[in-house]
Amino acid sequence: MLNPHRLVVLRAVLEAGSINAAARNLTYSPATISQHMTALARETGLVLFEKQGRGIVATDAARRLADHAAALLDDFGRLERAVADLRDGRTERLAIACMASVAESWMPDVVRAVHRHRPGLTVEISLNEPMPGRGRRAPDLDIRTEPADGVQIRLDGYDRHELAVEELVVVLPAGHPLAAAGAVTLRDLEAEPWIDHDIYDSPIGQIVLSACRTAGFTPRYAARLDDHRAALRLVAAGLGVTVLPRLAVAGPATDVAVRPLRNPSVSRRIVVHARRDPRRAAIVSHAVNQLRTTARAEPGHPG
């Protein structure tokens, strides 16, 4: 069986670029690092490093092994944290996966509510857009975006609850000519440089791109990011325009102009998938109820 620690050392050597640099980063001696790599080569039957000049270089096999090991080591790290929790008596967790805009706007209410119900509970919040992360707990609550007029997605082992249908808005530099308009159409933005806040094409990015193509054009991107806050800073600097969920620009904005989209409007549906687990039913239900209350309090909510 492979030793996970030696896989960690292999990744450290590849990231650092040499055994000596990895030894400094890990506070080991170079001899100890070399011994781990020799043992890993023996365990796998692979040639991991080859001599080149006065040094060594990693083989393709070593790099592929490290790539394949990444997900395993993330999961192993999660297991180690679970063991530490059990050892220290910290067993009460509520894992929530959600979008950044929901994390910023709704999670304070949810954490406050579940703490009133279970004061010793730890809430773990991770982002599932633009990309789900490895090495995190399987979520008890998985909050996702869907096209408002699209197929309703269901996850095995979870109950689905619709929270809100939210309109997307146009965000413009404060001095932009369209900032004086009461509303903006997508066709108004066809010739503009765009700031894309979703370089990995997660559901919200797909909704925006689909709406643009329906309007007859594909945005011309001046920059692409995976962080809506950074995208807002680029818009504020006058580098382009963007289209975002209203939640993503919920705070006061003095350096950008936020305008509704019309003809057509563009919307997303926000849903929460709640894990079916009799042992956690009470706290999951409490969190779902708070999410519904918080969503209803949003401006423009139909309920």
Quiz item: Quick one: if you stick a label point 7 Å off each Cα along the C-beta vector at T38 and T218, how many nm between them?
Solution: 5.5 nm
Exercise. Write down the percent of antiparallel bridges among all DSSP beta bridges whose residues are both part of the chain, to the nearest 5.
Key: 65 percent
Quiz item: Candidates (1) 1.15; (2) 0.96; (3) 1.25; which is the computed Cα Rg over 2.2 N^0.38 Å?
Solution: (3)
Practice problem: Please determine, in degrees from 0 to 90 and to the nearest 10, the orientation of helix 107-117 with respect to the longest principal axis defined by the Cα atoms of the chain, where the helix direction is its Cα long axis. | Solution: 70 degrees
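Which whole-number percent gives the relative contact order of the chain, counting Cα pairs below 8 Å spaced six or more residues apart? It would help to have the intermediate numbers written out before the result.
Numbers: 469 pairs, mean separation 63.1, N = 303.
Relative contact order of the chain: 21 percent.
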Quiz item: Any idea what Rg and Dmax come out to for segment 164-267 if you just take the C-alpha atoms, in Å?
Solution: 12.1, 32
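Given contacts defined as C-alpha pairs under 8 Å and at least six residues apart, what's the relative contact order of segment 87-221, whole-number percent? Write out the running numbers ahead of the final one.
Numbers: 114 pairs, mean separation 31.8, N = 135.
The value is 24 percent.
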Quiz item: In deg cm²/dmol, rounded to 500, what helix-only [θ] at 222 nm does the chain give when every DSSP H run of at least 4 residues adds -39500 (n - 2.57) and the total is split over its residues?
Solution: -12500 deg cm²/dmol
Quiz item: Nearest 20 debye, what's the magnitude of the dipole of the chain about its Cα centre given +1 on Lys and Arg Cβ and -1 on Asp and Glu Cβ?
Solution: 660 debye
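For the peptides 174-186, 255-267, 158-170, what is the packing order when you average, over each peptide's residues, the other Cβ atoms within 10 Å and list the highest mean first?
Values: 174-186: 14.8, 255-267: 17.1, 158-170: 19.0.
Taking the mean over residues of other Cβ atoms within 10 Å, the ranking is 158-170, 255-267, 174-186.
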Exercise. Can you tell me what the convex hull of the Cα atoms of segment 4-88 projects to on average, as an area in nm²?
Key: 6.1 nm²
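Throughout, read-outs are computed from the coordinates displayed, never taken from laboratory work. Being a predicted model, the structure only gives us computed values, none of them experimental. Because the Cβ atoms are built from the backbone with ideal geometry, glycine has one as well, and the counts that use them run over all protein chains shown.
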